[in-house]
Structures are given as C-alpha cells and as structure tokens.
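**Q** If you scroll down you'll find the structure; I have some questions about it.
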Amino acid sequence: MVFISEMSVGRVEVLRLYRSSLRAAQQFETYNFRKYFYRRTRDQFRAASGLTDTQAVVAALAEARGDLKVMQRQGILNKMFAHNRTVIESDPQYASGARRYAE
C-alpha cells in the first residue's frame, strides 16, 4: 500500500467540489436549511482560500468532502418529510431578492 504524503490539489478539483457542495445545499426543501448550508459552504471555501500550507489545504479539502457527503444524505432525508412553505418560499420575487431592491 502506498501512502502519498503530499497531494497536489488542482484548481479544477477545488471548483468541482465547491460547485457540488452548492448544488447539494440547493437540494434542501426547507428554506432555512437551504440558505444555511449555502452560506456555510461559501464561507468555508472563502476561509480556506487563504491557506498556503499544503497539508492544511489537503485537510480542508478532506473536511469539505466529508461535509458534502453529510449534506447529500441530509438533503435526501429532508425531502422525505413534508413541510409547510414559509412566506418567503411562497413569493418567488422575495425569494430571489427582486422585491427588496424594487422599492
């Protein structure tokens, strides 16, 4: 068995993981969960963008991969149970942000 001490992390791989995480966040039916995981993913990747140490980058990517798996599982569970839509979810103009800036 061969262990690789340093992995070269490509930009394409990081972007693919970031997009997959955002897509997984958008799969939640519940508005609050969807927005929370979207914000958390964005903040997590922004915080990790300043990392320069290779081992820290590899650790951050491993954590992001684990979080992606958790989000995917929780998204499936979230879809299994019915819920009432909130006011924000029922008004598409408000949900997209168009209503806030129109006034």
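**Q** Counting just the residues of the stretch 34-64 that are within 10 Å of the chain's Cα centre (by Cα) and charged (D, E, K, R), which one comes out least open to solvent (accessible area, probe 1.4 Å)?
**A** Here is the first cut: in the stretch 34-64, the ones within 10 Å of the chain's Cα centre (by Cα) are 34-45, 64.
Going one step further and asking which of them are charged (D, E, K, R), we end up with 34-35, 39-40, 42-43.
Values: ARG34: 46, LYS35: 78, ARG39: 111, ARG40: 95, ARG42: 67, ASP43: 80 Å².
Out of the qualifying residues, it is ARG34.
**Q** Please enumerate the residues belonging to the stretch 63-84 that are under 11 Å from ALA24 (Cβ atoms) and among the basic types (Lys, Arg).
**A** Listed by number, the residues that qualify are LYS69, ARG73.
**Q** With respect to PHE28, determine if the residue is aromatic (Phe, Trp, Tyr), open to solvent by 90 Å² or more (accessible area, probe 1.4 Å) and either part of a loop (DSSP other than H, G, I, E, B) or touching a residue at least 40 places away in the same chain (Cβ under 8 Å) (or both). Talk me through it step by step, then tell me what you get.
**A** Numbers: aromatic (Phe, Trp, Tyr): yes; open to solvent by 90 Å² or more (accessible area, probe 1.4 Å): no; either part of a loop (DSSP other than H, G, I, E, B) or touching a residue at least 40 places away in the same chain (Cβ under 8 Å) (or both): yes.
For PHE28, the condition - aromatic (Phe, Trp, Tyr), open to solvent by 90 Å² or more (accessible area, probe 1.4 Å) and either part of a loop (DSSP other than H, G, I, E, B) or touching a residue at least 40 places away in the same chain (Cβ under 8 Å) (or both) - is not met.
The values are calculated or read from the model by the stated rules, or taken from the named source; none is laboratory data. What you are looking at is a predicted structure, and each value in this text was computed from that prediction instead of being measured. Don't worry about glycine lacking a Cβ; one is built from the backbone with ideal geometry, like all the others, and counts go over all protein chains shown. Heads up: the accessible areas ignore ligands, DNA and RNA and are worked out on the full protein's heavy atoms, side chains in. Shrake-Rupley method; radii C 1.70, N 1.55, O 1.52, S 1.80 Å.
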